[in-house]
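First up is the structure itself, then whatever we jot down about it.
The values are calculated or read from the model by the stated rules, or taken from the named source; none is laboratory data. Just so it is clear, the structure is predicted and the values come from calculations on it, not from any experiment. All Cβ positions, glycine included, derive from the backbone under ideal geometry; neighbour counts span all protein chains shown. Each accessible area value is taken on the protein alone, full model and side chains, heavy atoms only, with ligands, DNA and RNA left out. Shrake-Rupley method; radii C 1.70, N 1.55, O 1.52, S 1.80 Å.
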Amino acid sequence: MTATEARAAMASGRLTPVALMESCLARIAEREAEVRAFAWIEPERALAAARRADPSLPLGGLPIGVKDVIDTEDYPTQHGSPIWAGNRPRGDAAAVAWARAAGAVVAGKTVTTEFATRFPGPTRNPANLAHTPGGSSSGSAAAVADGMVPLAFGTQTAGSIIRPAAYCGIVGYKPSFGLISRIGMKIMSDSLDTVGCLARSVADVALFAGTLSGRDLGSPDVSPGRAPRIGLCRSPAWPAALPETVALMERAATALARAGASVRDQELPARFAALAEAHPVVMNVESARAIGWELTTQRPLVSTELRERLEPALALPVEAYDRALAIMRDCIAGFPEATEGLDVLVTPSAPGEAPEGIGWTGDPVFNALWTALRVPCVTVPAGFGSKGLPLGIQIVGRMGEDRAVLAWARWVQSALA
């Protein structure tokens with residue numbers, strides 16, 4: 001079941017929180033040894049919480065996975081790093097606290113890459129265990145895709161929600177910057193980090209994120225009453241598109257127009273290409289500063305891969321960081337004008353299918369631009385590539401227009417189906 005289907009079943013008395021949790025735990029018991037989506041799980045604790053759940057609440061009885069860079073008072077928060085092994089926070093992160101207050105039940109902590117960066121954990125793609133699930137929200141994407149939980153938290157600094165959701169064939173939602181509180185999360189890049197969610201339907205992420213943020217994000221399954229004005233944006237990253245993504249964008253343009261959308265090619269102004277260099281400067285400089293304690297007192301336990309990326313950032317002149325921030329601010333201010341007359345942009349979610357192996361979580365080249373712009377993004381499943389692995393298509397809107405972006409994402413998904 002999707003989360004919204006489960007809510008309806010509980011409202012009608014056809015399902016109980018305990019039965020739903022038992023089903024999820026049975027799936028975890030069956031598949032976790034292969035998929036390895038969880039960093040920590042305690043079935044008896046989860047079942048006990050399900051017994052206390054009030055199904056009349058907005059998220060009442062829904063099992064959730066919590067990415068292991070987000071604090072939980074009853075489970076360790078280890079940030080994908082041996083430095084924080086066994087770390088027990090005193091309380092929940094704000095978003096987790098509001099999820100529990102709305103009746104959600106934490107099923108466990110999901111695997112993250114080290115500090116939500118690129119060094120991968122052990123999680124495998126449930127669609128094909130020989131392939132990465134993407135990162136950094138690896139465990140969350142895999143757990144949702146494999147039916148272990150209907151909802152999970154993700155975070156994104158470059159492409160850590162959208163890319164793994166696309167690779168695993170589910171819905172991923174990176175809200176407008178700051179929509180969901182980051183208090184109690186291990187923040188790496190203060191200018192970029194965004195809390196979002198993963199689920200199996202657009203209605204699910206609207207329900208989850210709306211409840212966490214205290215905002216009405218609408219009912220995406222309800223028809224908007226008209227077709228959208230869509231800009232087909234290949235973005236400055238288009239040279240990285242693999243053949244399956246090139247073919248997907250061609251299919252999408254045809255299908256969206258056939259469904260009634262007004263579709264036009266829409267490239268961003270030339271100055272937006274500078275974000276490709278500005279984003280990693282901001283991300284790496286801020287991340288290096290953010291883990292100052294780890295780098296200065298626990299350096300041998302920080303992965304070589306992360307040290308090699310962050311330590312050079314500490315040597316960058318402050319002027320380089322300031323220039324990168326100025327580029328971000330300029331492009332953020334210019335994005336509404338660049339998309340004037342359109343409801344949303346449709347753009348690739350990833351270069352192609354999930355890469356083989358789990359030593360690399362894939363390239364965020366089709367995501368970092370939108371993260372830097374702080375705009376809402378939704379990826380929806382959009383078929384399969386030549387290897388039989390899922391593909392996603394990304395719907396992007398203007399900052400603060402999350403409700404509309406979710407509605408149009410559902411429309412796009414229906415048109416592509």
Being under 22 Å from the mean Cα position of the chain (by Cα) and aliphatic (A, V, I, L, M) is the filter here, so list the residues in segment 263-284 that pass it.
275, 276, 278, 281, 282, 283
Counted residues, segment 126-161 - those being under 17 Å from residue 351 (Cα atoms), part of a strand (DSSP E or B) and small (Gly, Ala, Ser):
0
Can you pull out every residue in segment 375-394 that is buried (at least 23 other Cβ atoms within 10 Å of the Cβ) and touching a Lys or Arg at 6+ places or on another chain (Cβ under 9 Å)?
375, 376, 377, 378, 379, 380, 382, 392
Yes or no: residue 152 of a type in the set (A, V, I, L, M) and open to solvent by 10 Å² or more (accessible area, probe 1.4 Å)?
no
I'd like the residue in segment 331-353 that is in a loop (DSSP other than H, G, I, E, B) and more than 19 Å from the chain's Cα centre (by Cα) and, out of all such residues, is surrounded by the most Cβ atoms within 10 Å (Cβ to Cβ).
343
Look through 215, 271, 200, 289 and report the one residue that is surrounded by fewer than 14 Cβ atoms within 10 Å (Cβ to Cβ) and at pLDDT 95 or above.
271
Pick from segment 230-274, criterion touching a residue at least 12 places away in the same chain (Cβ under 8 Å) and among the β-branched types (Val, Ile, Thr), ranking: nearest to residue 331 (Cα to Cα)
230
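Looking at segment 389-411, which of its residues are among the aromatic types (Phe, Trp, Tyr) and outside any helix (DSSP H, G or I)?
Hits for segment 389-411: nothing passes.
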For segment 371-383, name all the residues that are on the phi > 0 side of the Ramachandran plot and assigned to a strand (DSSP E or B).
383
When the residues of segment 245-261 are narrowed to those that are more than 19 Å from residue 390 (Cα to Cα) and small (Gly, Ala, Ser), which ends up surrounded by the most Cβ atoms within 10 Å (Cβ to Cβ)?
261
Single condition residue 183 does not satisfy, out of (1) within 18 Å of residue 35 (Cβ to Cβ); (2) open to solvent by 10 Å² or more (accessible area, probe 1.4 Å); (3) aliphatic (A, V, I, L, M)
(1)
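Could you count how many residues in segment 46-75 are β-branched (Val, Ile, Thr) and farther than 24 Å from residue 216 by Cα?
Qualifying residue count, segment 46-75: 2.
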Among the residues of segment 405-414, write down those that are open to solvent by 10 Å² or more (accessible area, probe 1.4 Å), of a type outside the set (Lys, Arg) and closer than 17 Å to residue 197 by Cα.
407
Under the condition of being part of a loop (DSSP other than H, G, I, E, B) and in contact with a helix residue (DSSP H, G or I) (Cβ under 8 Å, 6 or more places away or on another chain), which residue from segment 162-181 is farthest from residue 389 (Cα to Cα)?
181
Of the listed residues (414, 386), the one being in a helix (DSSP H, G or I) and either at pLDDT below 95 or small (Gly, Ala, Ser) (or both) is 414
Within segment 361-370, identify whether any single residue is open to solvent by less than 40 Å² (accessible area, probe 1.4 Å), in a helix (DSSP H, G or I), within 16 Å of residue 196 (Cβ to Cβ) and in contact (Cβ under 8 Å) with a residue 60 or more places away in the chain, and answer yes or no.
yes
Could you list all residues from segment 308-344 that are among the aliphatic types (A, V, I, L, M) and either without any contact (Cβ under 8 Å) to a residue 60 or more places away in the chain or out of contact with any helix residue (DSSP H, G or I) (no Cβ under 9 Å at 6 or more places or on another chain) (or both)?
310, 313, 314, 315, 316, 318, 320, 324, 326, 327, 333, 342
Flag for residue 256 being of a type outside the set (S, T, N, Q) and touching a helix residue (DSSP H, G or I) at 6+ places or on another chain (Cβ under 6 Å)
yes
